[in-house]
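A short reminder: the numbers here are calculations on the coordinates, not readings from a lab. Fair warning: this is a prediction, and the values are worked out from it, not measured in the lab. Positions of Cβ are backbone-derived with ideal geometry, glycine not excepted, and every protein chain shown enters the neighbour counts.
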């Protein structure tokens, strides 16, 4: 009798929980749909730091406004007239720093033009023109594009120009001025059919595609690092600890992924899983390389007694990877290096699951 009386209550509670679960799902789907529709989204990541992230739209910091963190614009732009107490990162867009602006961190622009006339730390521009004025406390790195220094420009560090014309209108460079491969356009003009045998042309095309792949990896890596800066800062620092163990874990993880892909591929039922396993394998290897690149960049920064930030360290590591890949003998090195990063990634996952599993067993 008691069972029959309790049973309707249980059924009613189940219905309520199911209704509540359904409402939550509907609410979650509505939220996701709303975010996808409003592609020009303004998000604040880590409210404590005051970071600003904007997709498909520009970030405008008015004069007198203070951003206590980083400013990131992806496929948009950044116009800074106020104060930013972190980095300013623009990916596919233009960056403008007025003479009234102040950026306590680095200014990084990937595929776009930079006009920086205020105070900042290092300035890094990849693919686009660069116009500078004001005081730059760190280095200036320009890759693929023309650069111009105004008469009021003071660069406390070095200036590096790779593949582009450099114009200095009496600006001051306290460090070294380094220009690399400014003759590349004329060199490629000579690579017309009949001038050189096909083999050098094919070799150069392979190098170009390799460099292009690293550039896109750097762009995507900069996004990931910006979103998860604390995690990558920690992993890139710990990747050098217990290198033998990290290498072994990385190789084991790589073999597990490859064996899983082959095993799934030979079964008809498992073929749909390839759509998940292959991208997962590529992404994990990408993260492994990302961790190692930042670690290499940090090591190089310490050697030269500099501080470049995560994006700068990633850039240095990416350049070293490119140089290694251009050399045929260097490719096995980059292939092995990613295992250290994959091992650190696996080690971090195991460290997180370890305390949780112990706690659940004690409960």
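Label-to-label distance, residue 68 versus residue 274, with points set 7 angstrom from Cα along the beta-carbon direction: 5.3 nm.
Residues 218, 209 in ascending order of nearby Cβ atoms (within 10 Å, fewest first): 209, 218. Applying 1/(1 + (r/R0)^6) with R0 = 22 Å to the Cβ-Cβ distance of residue 261 and residue 75, what FRET efficiency is obtained, to the nearest 0.05? The value I calculate is 0.10. Among 342, 249, sorting on how many other beta-carbon atoms sit within 10 Å of each Cβ, with the fewest leading, yields 249, 342. Put in order of Cβ neighbour count within 10 Å, fewest first, the listed residues 211, 140 become 211, 140. In this simple spin-label approximation, residue 180 and residue 331 carry label points 7 Å from Cα along the Cα→Cβ vector, and these lie 2.1 nm apart. The Rg/Rh ratio of the stretch 269-332, with Rg taken over Cα atoms and Rh as the Kirkwood radius over Cα pairs, comes to 1.18. In a fully extended conformation the segment linking residue 58 and residue 166 would gain 36.1 nm over its present Cα-Cα distance, using 0.36 nm per residue.
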